[in-house]
Amino acid sequence: MSGPTGPTGQTGLVTIGPGDMAGRDRLVRVIDALAGVFADLSAGRTRSPARTIIEHGAYGTHGERGPRRQLLAGTAVWERRGVGSVKITTLTPDNPDRGLPLIHGVVVLTDLDTGRITALLDGAELTAVRTGAVAGLATRLCAPEDAEDLAVLGAGVQARALVRAVSAVRPIRSVRVFSRTRARTETFAEWIRATSAHPVEVSVCDTAKDTVADAAVICTATSTGDRTPLVAADWVAPGAHINVIGGTHEDAIEVDPALLASAFVVVEERAAALDDAGEVRAALADGLIGVTELHELGALVTGATAADGRTSVFRGVGMAIEDTAAAAALHEAASAEAG
């Protein structure tokens, strides 16, 4: 983190890098901030404008079919906390195969009262932290309080953020992991063992089915672009909680949409889910669920509704207001630590 005068020379501007976002205390602060912003969103006290998304790379330089890459820009204000943010990110699905991060970006945090830019935050790390934290919030609101078994599909940056977030809200004692690349999965498993605050049994599984079987909490964080589910409905134990946050476009599917027919389905905001959540879009199109069966996180935070013991599915897509809340929480943490 930079000092009180940042790289542009503006007094009070700080730069918050990945190291400044680490640690359980900061993560819990972000989860709590997200709870506050979703309550405000539900009450109509704030809103989250749709992101601008530009797709490119459908065809390579020689006309060959290429991956769907994205340039995204999102902005939102949280007036009750007096902050606004702008985030610019890129999503490049073929980057992991190059040994590069899936996401790059930057977040600019502003003071609404004075208009000052108060912080610049690493956009890729903030995206991972806030996406994990939103799943952590959903887990806090939906999963059994004694849930100890976690299953994770995916082995990238976001998978790590999910392990941190779920472990911050539930007493996780065992973690099973699976991804398509064995070496990356083994590295991920070693990272979990090395960074856990208490002893955790970590297993690398050979199949997605073996990974999710009997797990109390399941997280999917893959870069799939397919419409073929990675997790079948009958693999999931009754009463389990599932956080679905992967996929590279609005029709990508990680979990069988048939599962939503009997589950308690949670989304950040209905409108956002209708636009971007592949499983929700497919389940609605097939008549498996109705829009009124999509429960918004804010309603759970305020107590207007509550998980009812059924299998619960949280399908997250990411919203600009989440970046604002997370950036504000991390900036406040940095300011408190600086004294």
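Between residue 106 and residue 228, the distance separating the two model label sites (each 7 Å from Cα on the Cα→Cβ line) works out to 4.1 nm. Considering only Cα atoms, the convex hull volume of the stretch 18-119 works out to 140 Å³ per residue.
Normalised per residue, the accessible area of the chain is 43 Å², obtained with a 1.4 Å probe and no contribution from ligands, DNA or RNA.
Restricting the calculation to Cα atoms, every distinct pair contributes to the Kirkwood radius of the stretch 128-180, found to be 11.0 Å. Angle of helix 24-43 to the longest C-alpha principal axis of the chain, folded into 0 to 90 degrees and rounded to 10: 90°. Note: relative contact order over the chain, using C-alpha pairs below 8 Å and six or more positions apart, is 19 percent.
When both the stretch 76-141 and the stretch 259-305 are represented by their alpha-carbon centers, they are found 23 Å apart. Could you compute how fast the stretch 57-162 diffuses translationally, taking Rh as the Kirkwood radius over C-alpha pairs and applying Stokes-Einstein at 4 °C with viscosity 1.567 mPa s? Give it in µm² per second. Translational D for this selection: 79 µm²/s.
Can you give the calculated 222 nm mean residue ellipticity of the chain, where each DSSP H run of n ≥ 4 adds -39,500 (n - 2.57) and the sum is split over every residue, rounded to the nearest 500 deg cm²/dmol?
-10500 deg cm²/dmol
The share of Cα pairs per 10 Å bin across the chain, counted from zero up to the longest distance, runs 6, 27, 35, 24, 7, 1 percent. For the stretch 132-318, with equal point scatterers placed on the C-alpha atoms only and solvent neglected, what are the log10 I(q)/I(0) values from the Debye formula at q = 0.08, 0.09, 0.15, 0.18 1/Å, to two decimals? Computed log10 I(q)/I(0) values: -0.21, -0.27, -0.79, -1.16. You can think of it this way: the chain between residue 209 and residue 286 has 25.3 nm of extra reach, that is 0.36 nm per residue less the Cα-Cα gap. Less than 5 angstrom separates the built amide H of residue 226 from those of 253, all sequence-distant by 5 or more or on a different chain. When the solvent-accessible area of the stretch 132-318 is split by element, carbon and sulfur atoms take up 48 percent of it, the probe being 1.4 Å. Using only the alpha-carbon atoms, how far is helix 123-142 inclined from the longest principal axis of the chain? Give it as 0 to 90 degrees, nearest 10. The two axes meet at around 50 degrees. Against the chain, whose longest principal axis is taken from its Cα atoms, helix 182-195 shows a tilt of about 60°.
The values are calculated or read from the model by the stated rules, or taken from the named source; none is laboratory data. Bear in mind the structure is a predicted one, so any value in this text is a computation, not a measurement. Backbone-built Cβ (ideal geometry, glycine too); neighbour counts: all protein chains shown. Calculation scope for accessible area: heavy atoms of the full protein, side chains included, ligands and nucleic acids excluded. Shrake-Rupley method; radii C 1.70, N 1.55, O 1.52, S 1.80 Å.
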